[in-house]
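Colleague: Mind having a look at this structure? Questions to follow.
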Amino acid sequence: MKRSNDQVGGTHYQTLDIEPVELFVKFNLNWFQGEVIKYCSRFQRKNGKQDLLKAIQVCELANNLGLSSKPLFPIELDLHFLNLYTSQFEYKEVLNDIINYLLVDNNYMLAGAKVVDLKNMYYE
């Protein structure tokens, strides 16, 4: 899916062949999963470290609300599509781990720890 109109508020998704929203729809993600993936997917093109700190905060909120203890929507991953998505990023292995922790394991603590690793790769 390519946008048929201009992106409001930046160009951070325009260079992607697969936008985060396509991943959200494909796997029927909940808000918490989508927010973490969105921030991790755009941080280099938009708000840098602040986006990763937001992703960590969303993981903490989801965990504090008890979402790590119960799956909201069990997901069967299309690994080919997931690999196409993550291959757009130089940090694809870490992003793939984050997505797997969110979607397969439903573990926001582990996802948040991987986002911290990503932050440390670029900002520490």
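The values are calculated or read from the model by the stated rules, or taken from the named source; none is laboratory data. Quick caveat, the model's predicted, so the values are computed rather than measured. Ideal geometry is used to build each Cβ from the backbone, glycine not excepted, and the neighbour counts take in all protein chains shown. Heads up: the accessible areas ignore ligands, DNA and RNA and are worked out on the full protein's heavy atoms, side chains in. Shrake-Rupley method; radii C 1.70, N 1.55, O 1.52, S 1.80 Å.
Colleague: Considering only residues that are closer than 14 Å to Ile98 by Cα and free of Cβ contacts under 8 Å to residues at least 40 places away in the same chain, which ones fall in the stretch 25-38?
Modeller: Listed by number, the residues that qualify are Gly34, Glu35, Lys38.
Colleague: Given Phe43, Phe89, which one is among the aromatic types (Phe, Trp, Tyr) and within 16 Å of Glu22 (Cβ to Cβ)?
Modeller: Unique residue meeting the criteria: Phe89.
Colleague: Residues of the stretch 76-115 being buried (at least 16 other Cβ atoms within 10 Å of the Cβ) and of a type in the set (Val, Ile, Thr), which ones?
Modeller: Listed by number, the residues that qualify are Thr86, Val94, Ile98, Ile99, Val115.
Colleague: Right, another one. Out of all the residues in the stretch 85-124, which are in a loop (DSSP other than H, G, I, E, B) and among the hydroxyl-bearing types (Ser, Thr, Tyr)?
Modeller: Within the stretch 85-124, Ser87, Tyr91 meet the criteria.
Colleague: Still on this structure: Could you list, ordered by first residue, the pairs with Cβ atoms under 6 Å in which the first is in the stretch 112-124 and touching a residue at least 60 places away in the same chain (Cβ under 8 Å) and the second is open to solvent by 50 Å² or more (accessible area, probe 1.4 Å) and part of a helix (DSSP H, G or I), at least 6 apart or interchain?
Modeller: Tyr123/Lys49
Colleague: Condition first: more than 18 Å from Val21 (Cα to Cα) and free of Cβ contacts under 8 Å to residues at least 40 places away in the same chain. Can you find one or more residues in the stretch 73-83 that meet it?
Modeller: yes
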